[in-house]
Amino acid sequence: MPSLQPPVTSPGKRFVLGVTGASGAVYARRLLGVLLDANCEVHLSISPSGRQVIQHELGVDLNLDAFDATVLIGQRDPACGNLVYHDHRDLMSSIASGSFLTDGMVICPCSGGTLSAVVHGTSTGLIHRAADVHLKERRKLILVPRETPLSLVHLDNMRRAVEVGAIVLPASPGFYHEPRSIDDLVDFVVARICDQIGVAHRLMRRWGEA
């Protein structure tokens, strides 16, 4: 079960979260909740295939044209950070511009098609464009693929992503923290994402800690 300790907060931080059509919707839902509980401002965009995966894996049927965050993550404490939803088709959105300042972006999960679009700069949707903005502005961009086995195309695109400045963080949970549940495995990956974007947390016992 997730920790019952009060969350460590990171007020004033602003992140973009893109959810695409790879398996692993549970990581996205947990990450979104952790960021909001940490009092971060989160700008969320979900692709149509991301919505389909959320429905299949989490049993949550989202209406992307009338998005209700409580359907995905439940009712949060009013003191939690702000959530702003952006339609995946809206290229006039604030997160499509480099002048809109953020502390980083995470695409979780990141499909193979999204990975390809990011490294080749196609920007056919808002998530791709926001990722392009983070690369050109030299801001943190974390890509969380969950695909196995990996083809040479995937590997080449991951290499290219690292070369252009992104961080590739596969959804590969470790076991040295002695997980007791699926929630513990999910928290391991979410913890590593939070470490990369500078959000404090108590999601897992670190190596060397009692």
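Any read-out appearing in this document is the output of simple, stated calculations on the displayed coordinates, not a laboratory observation. Bear in mind the structure is a predicted one, so any value in this text is a computation, not a measurement. So basically every Cβ, Gly included, is an ideal-geometry build from the backbone, and we count neighbours across all protein chains shown.
Tabulated values for the structure
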{"read-out": "Cβ crowding within 10 Å averaged over residues, with 146-158, 46-58, 164-176 ranked highest first", "value": "46-58, 164-176, 146-158"}
{"read-out": "Contact order normalised by residue count of the chain, Cα under 8 Å, 6+ apart, percent", "value": "24"}
{"read-out": "Nonlocal amide H pairs with Y85, under 5 Å, H built at 1.01 Å", "value": "L44"}
{"read-out": "Cα-projected label distance for V162 with F175, points at 7 Å along beta-carbon direction, nm", "value": "2.4"}
{"read-out": "Orientation-averaged projected area, Cα convex hull of segment 113-189 (nm²)", "value": "6.0"}
{"read-out": "Kirkwood Rh, Cα atoms: Rg over Rh of segment 105-155", "value": "0.96"}
{"read-out": "Proportion of all alpha-carbon pairs of segment 14-197 beyond 22 Å (%)", "value": "41"}
{"read-out": "Virtual spin-label span in nm between S49 and H120, 7 Å along Cα→Cβ", "value": "1.3"}
{"read-out": "Full-extension gain in nm, L155 to R205, via 0.36 nm per residue minus C-alpha separation", "value": "14.9 nm"}
{"read-out": "Over segment 159-210: Kirkwood hydrodynamic radius from C-alpha pairwise inverse distances, Å", "value": "12.2"}
{"read-out": "Distance cut-off 14 Å, percentage of C-alpha pairs in segment 55-103 lying past it", "value": "65"}
